[in-house]
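Remarks on the structure that follows.
The values are calculated or read from the model by the stated rules, or taken from the named source; none is laboratory data. Bear in mind that the values here come from a model prediction, so they are computed numbers and not experimental data. Using ideal geometry, Cβ is built from the backbone for each residue, glycine included, and neighbour counts are taken over all protein chains shown.
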Amino acid sequence: MPELSMNQTLMKHFHSWGYQGFKYLIYTLLAFNVYLFFSEEWLASKVIFASGVNLDSIIKAFSSTIDTAAWLVLLLLFELETSVIDDEHLKGKVKWSLHGIRAFCYLFIIYSLYGYMTKIGLIGQFTAHKVSDLCTLAGDWKFMETLNVYNEFTKETCKSLSTVGAEFFSHEKYKIITNSKNLSDVNALAWVDVINASAWVSVVLMLEVDVHTQLGNISSKWWGKYNKFIKATVYSILLLAAVYWGVTGNFLEFWDAFLWIVAFVLIEMNMFEWQAEIADRKSHQGQ
């Protein structure tokens, strides 16, 4: 039996049942995260948009849910293009359908990035609250614990908050109050959301360049030379964001970020497999 080439060995690994099962397990867990984010943001929307959520405000209320859902569709499209559909079928209607749906997803992703930015604006609208007796706010007001967690502010809960030496901030429009530490933590989390979302936009732009380079639509010696360094930098930013969420106790954000990093590393591995297939095809044509 002839010895397998490096490219053939690589492809055999990629097509193993264990590897494929692991890949689709990651994709399934990401789909479940869409539900988890929706559940979290649904509760928060009842406070921020107590009067109801309209089309204009829905992106602000459900930015994480919409963002994650759009990313999931985008991920599956990249999986189809880099692993499932054969090269000879990646043309005509199939090609333009995939690219059209991807473009539609990009609109939601960019709009979700805007949604994350609006949360920074919302946090900036909190002003110092002169507190004489917090319990006078009990009833309609909510106490902000984190970016998406707002607790009922009752006469019982207000008594547990010490006002001695504490600094409180409030948002009069939405009737939300919080202390200086929570506001600082929420502000940091909101900025990490924006940086993380921006880095992910960079990831898909890089993947688009890779896909179109692989299909022969574009050619760039500069990208071929420096893409590994650029990707390492972007993925490092994403890893740091995940670590930050883990350290600060935001498990859902940490878990989601970890899964997405793994998922797109798998897509990058699809690219390696795709390149290996083309290299093998060229070597056989040259024989």
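Within region 216-238, restricting attention to residues that are hydrophobic (A, V, I, L, M, F, W, C) and assigned to a helix (DSSP H, G or I), the residue that is farthest from the chain's Cα centre (by Cα) is Trp222. Looking across region 166-176, the residues that are more than 9 Å from Phe126 (Cβ to Cβ) and either of a type outside the set (Phe, Trp, Tyr) or more than 29 Å from the chain's Cα centre (by Cα) (or both) come down to Ala166, Glu167, Phe168, Glu172, Lys173, Lys175. Quick check: is even one residue across region 188-195 surrounded by fewer than 19 Cβ atoms within 10 Å (Cβ to Cβ), of a type outside the set (A, V, I, L, M, F, W, C) and in a helix (DSSP H, G or I)? Within region 188-195, none of the residues are surrounded by fewer than 19 Cβ atoms within 10 Å (Cβ to Cβ), of a type outside the set (A, V, I, L, M, F, W, C) and in a helix (DSSP H, G or I).
The set of residues from region 215-265 being among the polar types (S, T, N, Q), out of contact with any Asp or Glu (no Cβ under 9 Å at 6 or more places or on another chain) and touching a residue at least 12 places away in the same chain (Cβ under 8 Å) comprises just one member, Asn250. One residue stands out in region 78-96 among those that are of a type in the set (A, V, I, L, M) and modelled with pLDDT of 75 or more: the one that is surrounded by the fewest Cβ atoms within 10 Å (Cβ to Cβ), namely Val84. The one condition from (1) among the β-branched types (Val, Ile, Thr); (2) modelled with pLDDT of 80 or more; (3) farther than 24 Å from Tyr106 by Cβ; (4) out of contact with any Asp or Glu (no Cβ under 9 Å at 6 or more places or on another chain) that Val194 does not meet is (3). The set of residues in region 239-267 that are modelled with pLDDT under 85 and more than 17 Å from the chain's Cα centre (by Cα) contains only Gly249. Scanning region 171-184 for residues that are farther than 16 Å from Glu152 by Cβ and either surrounded by 15 or more Cβ atoms within 10 Å (Cβ to Cβ) or touching a Ser or Thr at 6+ places or on another chain (Cβ under 7 Å) (or both) turns up His171, Asn179, Leu183.
Which residues, taken from region 167-216, are in the same structural domain as Trp245 (by TED's automatic domain parsing) and at positive phi? Correct list: Gly216 only. In region 136-154, what residues are outside any loop (DSSP other than H, G, I, E, B) and either of a type in the set (S, T, N, Q) or crowded, with 16+ Cβ neighbours inside 10 Å (or both)? Answer for region 136-154, where residues must be outside any loop (DSSP other than H, G, I, E, B) and either of a type in the set (S, T, N, Q) or crowded, with 16+ Cβ neighbours inside 10 Å (or both): Thr136, Leu137, Lys142, Phe143, Met144, Thr146, Tyr150, Asn151. Please specify each residue of region 239-249 satisfying the condition of being of a type outside the set (Gly, Ala, Ser) and surrounded by fewer than 20 Cβ atoms within 10 Å (Cβ to Cβ). Selection gives Leu239, Leu240, Val243, Tyr244, Val247, Thr248. Evaluate the following for Ile48: is it buried (at least 18 other Cβ atoms within 10 Å of the Cβ), among the aliphatic types (A, V, I, L, M) and at pLDDT below 85? Yes; evaluated as a whole, the condition is true for this residue.
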